[in-house]
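Please read the structure below before turning to the comments.
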Amino acid sequence: MDSPITSIDFQSNWTNTTAQNETDIYWNQFVQPVWRIVLWAVAYSTIVIVSVVGNITVIWIILAHKRMRTVTNYFLVNLAFAEASMSAFNTVINFVYSVHNEWYFGLYYCRFHNFFPIAAVFASIYSMTAIALDRYMAIIHPLQQRMSATQTKVVIGVMWVLALLLAFPQYYYSNTDQLPGRVVCYIDWPEYTVLDFKTMYFVCVAVLIYFLPLLVMGCAYLVMGLTLWASEIPGDSSDRYQEQLTAKRKVVKMMIVVVCTFALCWLPYHVYFLIHQFYPHLFEQPFIQQVYLTIMWLAMSSTMYNPIIYCCLNDRFRAGFKQAFRCCPCVPEGSYEGLELKSTRYIQTQTSLYRASRMETTVSCVMQPCEDGQKVTFGSIRGAAGRPAVHSPSREFASNGSSSRSISKTMSETSSFYSSNNLQE
């Protein structure tokens with residue numbers, strides 16, 4: 001990919017610096033030996049393969065399984081889509097251009113190449129920010145209403161609109177130029193006497209797609225960490241509570257690792273370009289190309305770590321990856337039921353039981369004929385206050401103990417999943 005703050009800009013600086021020197025004949029000082037190009041090609045190809053395959057698998061795991069379609073996971077889908085797209089459309093192209101500082105892909109792809117990375121990185125980091133805020137609401141304010149699936153999709157749509165608006169200046173000012181022997185792709189920033197538009201734009205981009213969201217996520221996860229690890233709810237030590245607490249800790253821990261990985265991978269990149277805006281002459285030496293390729297590789301590698309993190313720290317994602325790569329001999333067999341999604345009947349059963357447990361109890365018992373041939377029918381059994389009381393079998397059939405026991409047993413088996421409070425007279 002191209003960078004969110006593009007490499008093409010500083011490469012054009014090298015070109016323009018050379019072009020301004022009338023005694024120079026556009027010498028390209030950034031041509032590398034073949035062995036070095038091969039090593040870099042292997043390194044960048046690894047990023048593309050792992051990132052595209054891993055993130056597409058994440059998207060499949062979430063969208064193909066209903067139980068995985070949660071608010072958090074919808075944002076993970078958006079994050080995976082942005083990272084896979086960035087790897088597929090920009091990483092290789094940016095590497096090819098950086099190797100010899102020569103553009104082979106035309107004006108329109110030059111504009112896309114400068115435009116899309118900022119939008120993708122914006123969508124990626126704000127997806128992580130949205131996950132942090134969603135987790136914050138779920139843990140700190142559990143009684144407040146959560147976002148619905150529709151609201152989540154609207155937020156993702158707004159996120160991409162803002163991302164495209166932020167990246168639009170890079171599209172608008174991108175251009176190609178024909179030099180003797182090669183073509184370059186660069187951003188022809190306007191020059192104003194009042195302000196330095198290019199520097200102002202790059203500083204705003206660095207703040208909006210790195211420092212600000214990381215600050216928000218850092219505060220959110222700090223509060224969540226103190227709540228989940230440094231405090232306990234007195235008097236509540238039930239197994240169910242401990243299971244919920246453990247599950248919340250796992251999700252928060254996974255997302256903290258994701259955010260920290262992103263921050264570490266992109267920090268050198270943003271520092272590099274901010275320094276370039278204020279000290280451009282430091283970046284005109286041939287060795288800076290290797291520095292840039294290293295920093296860019298580290299930044300681009302952030303797109304391939306997230307699927308690995310999900311697989312290592314989340315049981316359901318691990319089960320999904322094992323299912324997706326079950327044909328590979330190196331992948332151990334795992335239980336696909338780890339996703340808790342294998343049986344639709346299981347979900348329907350659980351939903352039915354949940355609904356039944358919330359309904360007021362109504363049980364109708366039709367008894368077998370008694371010894372005198374009389375058929376007795378019991379009415380509704382209602383447990384709510386002020387409703388008709390239960391017709392007690394022991395009262396109706398006191399003279400026939402066997403019938404009473406049979407009735408009691410039938411009623412017990414019929415309504416075993418109801419709360420005992422609902423069966424009170």
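Please treat every number below as a calculation from the coordinates, not as lab data. As the structure is a prediction and not an experimental result, all values here were calculated from the model. No Cβ is skipped: glycine too gets one built from the backbone with ideal geometry, and neighbour counts run over all protein chains shown.
Convex hull volume of the C-alpha atoms in segment 35-129, normalised per residue: 96 Å³.
Working from label points 7 Å from Cα in the Cα-to-Cβ sense, the residue 207 to residue 327 distance is 5.1 nm. Packing around the peptides 196-203, 244-251, 255-262, taken as the average count of other Cβ atoms within 10 Å per residue, puts them in this order, highest first: 255-262, 196-203, 244-251. First select every other residue whose beta carbon is under 13 angstrom from the beta carbon of residue 63; then total the charges, Lys and Arg +1, Asp and Glu -1. Local charge sum for residue 63: +4. Fully extending the segment from residue 227 to residue 291, taken as 0.36 nm per residue of separation minus the present Cα-Cα distance, adds 18.9 nm. Counted by neighbouring Cβ atoms within 10 Å, the residues 102, 83 run from fewest to most as 102, 83. The stretch between residue 196 and residue 42, if pulled fully straight at 0.36 nm per residue, gains 51.6 nm over its current Cα-Cα span.
Between the alpha-carbon centres of segment 196-216 and segment 169-186 there is a gap of 24 Å. So how much slack lies between residue 164 and residue 257, counting 0.36 nm per residue of separation and subtracting their Cα-Cα distance, in nm? Extra length available between residue 164 and residue 257 comes to 30.7 nm. For a Förster distance of 25 Å, can you work out the FRET efficiency between the beta-carbons of residue 64 and residue 140, rounded to the nearest 0.05? About 0.20, to the nearest 0.05. Under the simplified labelling scheme, the residue 281-residue 219 pair shows an inter-label distance of 4.1 nm, with each label point 7 Å from Cα along Cα→Cβ.
A DSSP coil position with no more than 13 other Cβ atoms inside 10 Å describes the following chymotrypsin sites (Phe, Trp or Tyr not before Pro) in segment 100-150: 104.
Residues 239, 134, 315, arranged from fewest to most other Cβ atoms within 10 angstrom of their Cβ, appear as 239, 315, 134. Could you give the nm distance between label points at residue 100 and residue 149, where each point is 7 Å from its Cα heading toward the beta carbon? Between residue 100 and residue 149, the label points sit 5.1 nm apart. Exposure proxy shown here: for 116, 287, the number of other Cβ atoms within 10 Å sets the order, fewest to most, as 287, 116.
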